[in-house]
Amino acid sequence: MTRELITRRAALVGAMGAGGLILSGCDRLSQNQTFQRMLEGAEKLNLTGQRLVLNSSQPLAREYQLSDISRVFKANGTVRPEGDEYRRLVLTEFSDWKLQIGGLVKKPLAFSLAELKAMPSRTQITRHDCVEGWSAIGQWTGVLLSHLLAQAELMPNARYIVFRCADDLLNSQDGSGLYYESIDLVDAFHPQTIMAYAMNGQALPVPHGAPIRLRVERQLGYKMAKYVMRIEAVAEFSKIGFGKGGFWEDRGYEWYAGI
Amino acid sequence: MALDIADQNIAEEARGRAARKTGSGKELIYRHTLFVRLAHWINLLCVVLLLMSGLQIFNAHPMLHWGIKGDEADPSLLSIYAEDQVEGPPIGWVQIGDRKFDTTGVLGVFRDRDGFLSGRAFPWWITVPSYQSLAEGRRWHFFFAWLFALNGLAFVIYGFAARHFQRDLAPTRFDIRNIGRSILDHLKLKHARGEAAKRYNVLQKLTYIAVIFVLLPLMIVTGLTMSPGVDSAAPWLPEIFTGRQSARTIHFVTATLIVLFVFVHILEVLLSGFFNEMRSMITGWFAVRPEKIEPGRSEP
């Protein structure tokens, strides 16, 4: 019996030692490139798996009631972009601001806020899911991205839509920290994908991305670029930023954020 | 007695199971097939890494809510946070409902690996990676979630096809009738010998059924419910849990129940014979201790 007790204790100590090894091993693995690529394989499964269900029927994200709207909708990331140019835009209430649409399009276009507001609009009350885990509900009004892209006429080799933003989360001087995002055409042409200029019935506030932000309702919050200045159609995004398709993607987050 | 064991061997063989005798007179039965053993260890790896990367993800928003929505401004069922003090080090709090507990040193505020005070919810030694990284935590979580789901699916298909569930897990009428006796045996930490040790006892069967068919699948389903993509394709999913934040809370509570199961499971392995149990889950062979002949009792 005594012998057995000792071996049990040895087993426990062994298990704790193994636990410690696993921990430091996990950190090392987490920073190992080959292992990282293996873990990233799951993102392809997430994308393929979800697109199998989402692609064909393009289901809508659930829309909620006015009474469901969050009293406080947390503004995450940048809440007020730095720089004289953006400050000037805010002071002039974006009166001479224009949303540029370019890249692989037949007709590069630019629209003022008034012109965007005059286009057919969509209003939706949706749930915003942050990658951190919280959810908030807000009402968004904007112009369908598909409507804008139809006017600019995508070239056949356009595969992704890139959003160039005014906020620089890193306060970089060379623009390397400027926020950007990208989505594919499945999400770009989804009927709830809008460029929103109003939130909860008011002009889009600065903390939430004035003058205009993307809403792509079947993905997480970091995909929904705020302070959008320019929309670009591209064939691939490997030469933009660090090549992962977005500011947070360049810093390790998944490009496909439907989960 | 010799006749008895021969009979038992025949009985075991009739149930499709190999049995043999060791030199020391102990009887070895082939308890776990290779498929079950592989599935068990893959599952262990997945559950441990899912738990640790899950706590890493939880640390990004260390609060639980009920319903559709919830963030810092909304009420929380549970919250783990650090509270800065005017003087002295910060205090780590765990709030559950209306009550809060000082958990400084373990939850909310703890010394990091390098000895520095850190204000995260779950400490470094239980998260993967040990440092704060939501992005890396998610990568680990989704990779092992796929492995876990595919392994679990293969195990469930195998379990029914090979009649492992029907034969070994389904409680018999005898089991149900004697459930009181089994509870008593567990309370007295008394472990089965002889013929009874060849089968799972009724509490064991019910626990495994609950883990395999309720807790583990519930982890997958509540996990999927947190996905905005899945929710658009299956809007009924968040409905059945009364909302995405409820699903997140259930995900956390179910994970806690699985941790509880693992603790009891390991305790039972230690109490009922660590090496025998480990051998049976590694090689498949399990030694059955002979029936104890108690003086003054003639019961078989």
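Does residue B:102 satisfy the criteria of being in contact with a Pro (Cβ under 6 Å, 6 or more places away or on another chain) and among the charged types (D, E, K, R)? Outline the logic, then answer.
Details: in contact with a Pro (Cβ under 6 Å, 6 or more places away or on another chain): no; among the charged types (D, E, K, R): yes.
No; evaluated as a whole, the condition is false for this residue.
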Residue B:165 fails exactly one of the following numbered conditions: (1) within 14 Å of another protein chain (Cβ to nearest Cβ); (2) part of a helix (DSSP H, G or I). What is the number of that condition?
-> (1)
So which of A:232, A:249 ends up being of a type in the set (Asp, Glu) and surrounded by 23 or more Cβ atoms within 10 Å (Cβ to Cβ)?
-> A:249
Under 6 Å between Cβ atoms, at least 6 apart or on separate chains: pull out the pairs that start in region B:63-92 with a residue that is more than 8 Å from chain A (Cβ to nearest Cβ) and closer than 16 Å to residue B:108 by Cβ and end on any residue that is in a strand (DSSP E or B) and among the β-branched types (Val, Ile, Thr).
-> B:78/B:96; B:80/B:94; B:83/B:91
Please find, among B:174, B:142, the residue that is outside any loop (DSSP other than H, G, I, E, B), away from chain A (no Cβ under 14 Å) and either farther than 16 Å from residue B:35 by Cβ or modelled with pLDDT of 95 or more (or both).
-> B:174
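Applying the selection to region A:150-179, what residues are hydroxyl-bearing (Ser, Thr, Tyr) and modelled with pLDDT of 95 or more?
Step one: list which residues in region A:150-179 are hydroxyl-bearing (Ser, Thr, Tyr), which gives A:160, A:172, A:176, A:179.
Those that are hydroxyl-bearing (Ser, Thr, Tyr) and modelled with pLDDT of 95 or more: A:160, A:179.
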If you go through region A:135-151 one residue at a time, do you hit one that is without any contact (Cβ under 8 Å) to a residue 60 or more places away in the chain, in contact with a His (Cβ under 7 Å, 6 or more places away or on another chain) and more than 21 Å from residue A:230 (Cβ to Cβ)?
-> yes
Would you mention how many residues in region A:77-106 are under 15 Å from residue A:171 (Cα atoms) and over 23 Å from the mean Cα position of the chain (by Cα)?
-> 3
Among the residues of region A:130-146, the number that are surrounded by 18 or more Cβ atoms within 10 Å (Cβ to Cβ) and away from chain B (no Cβ under 14 Å) is 6
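Does at least one position in region B:148-155 carry a residue that is under 30 Å from residue A:254 (Cβ atoms), touching a Cys at 6+ places or on another chain (Cβ under 8 Å) and part of a helix (DSSP H, G or I)? Quick ask: steps written out before the conclusion?
Of the residues in region B:148-155, the ones under 30 Å from residue A:254 (Cβ atoms) are B:148-155.
Narrowing the set further to residues that are touching a Cys at 6+ places or on another chain (Cβ under 8 Å) leaves B:148, B:151.
Now restrict to residues that are part of a helix (DSSP H, G or I): B:148, B:151.
The answer is yes; a qualifying residue exists.
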Exception for residue B:272 within (1) hydroxyl-bearing (Ser, Thr, Tyr); (2) within 16 Å of the chain's Cα centre (by Cα); (3) modelled with pLDDT under 95 falls at (2)
If residue B:150 passes every condition in (1) over 21 Å from the mean Cα position of the chain (by Cα); (2) among the aliphatic types (A, V, I, L, M); (3) facing chain A (nearest Cβ under 10 Å) but one, which one does it miss?
-> (1)
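Quick grid of which residues meet (1) among the hydrophobic types (A, V, I, L, M, F, W, C); (2) free of Cβ contacts under 8 Å to residues at least 12 places away in the same chain; (3) out of contact with any Lys or Arg (no Cβ under 8 Å at 6 or more places or on another chain); (4) surrounded by fewer than 16 Cβ atoms within 10 Å (Cβ to Cβ):
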position: A:31; (1), (2), (3), (4): no, yes, yes, yes
position: A:35; (1), (2), (3), (4): yes, yes, yes, no
position: A:52; (1), (2), (3), (4): yes, yes, yes, yes
position: A:62; (1), (2), (3), (4): no, no, no, no
position: A:83; (1), (2), (3), (4): no, no, yes, yes
position: A:94; (1), (2), (3), (4): yes, no, yes, no
What pairs can you find where one residue is in region A:231-259 and within 19 Å of residue A:220 (Cβ to Cβ), the other is hydrophobic (A, V, I, L, M, F, W, C), and their Cβ atoms are less than 6 Å apart, with a gap of 6+ or different chains?
-> A:245/A:237; A:245/A:255; A:249/A:255; A:250/A:242; A:252/B:135; A:253/B:135; A:256/A:47; A:257/A:220
Sort out which residues of region A:50-68 are over 19 Å from residue A:219 (Cβ atoms) and at the interface with chain B (Cβ under 9 Å from one of its Cβ atoms), and write them in order of number.
-> A:68
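Take region A:80-118 and flag every residue that is more than 30 Å from residue A:157 (Cβ to Cβ) and not in a loop (DSSP other than H, G, I, E, B). Write out each step before concluding.
Our first condition is that a residue be more than 30 Å from residue A:157 (Cβ to Cβ); within region A:80-118, this holds for A:80-96, A:113-114, A:117-118.
Result: A:84, A:85, A:86, A:87, A:88, A:89, A:90, A:91, A:113, A:114, A:117, A:118.
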Does residue A:127 satisfy the condition of being crowded, with 18+ Cβ neighbours inside 10 Å, in contact (Cβ under 8 Å) with a residue 24 or more places away in the chain and over 23 Å from residue A:61 (Cβ atoms)?
-> no
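Restricting to helices (runs of 4 or more DSSP H) lying wholly in region B:209-282: which have 1 or more residues that are out of contact with any strand residue (DSSP E or B) (no Cβ under 6 Å at 6 or more places or on another chain) and within 30 Å of residue B:165 (Cα to Cα)?
Values: elements: B:216-225, B:228-233, B:236-240, B:244-282.
Hits in region B:209-282: B:216-225, B:236-240, B:244-282.
Sort out which residues of region B:122-137 are touching a residue at least 40 places away in the same chain (Cβ under 8 Å) and either facing another protein chain (nearest Cβ under 8 Å) or not polar (S, T, N, Q) (or both), and write them in order of number.
Looking only at region B:122-137, we keep the residues that are touching a residue at least 40 places away in the same chain (Cβ under 8 Å), and these are B:122, B:126-129, B:132-134, B:136-137.
Of everything in region B:122-137, those that are touching a residue at least 40 places away in the same chain (Cβ under 8 Å) and either facing another protein chain (nearest Cβ under 8 Å) or not polar (S, T, N, Q) (or both) turn out to be B:122, B:126, B:128, B:129, B:133, B:134, B:136, B:137.
The values are calculated or read from the model by the stated rules, or taken from the named source; none is laboratory data. Keep in mind that this is a model prediction, so the values were computed, not measured. Reconstructed Cβ throughout: ideal geometry from the backbone, glycine too, with neighbour counts over all protein chains shown.
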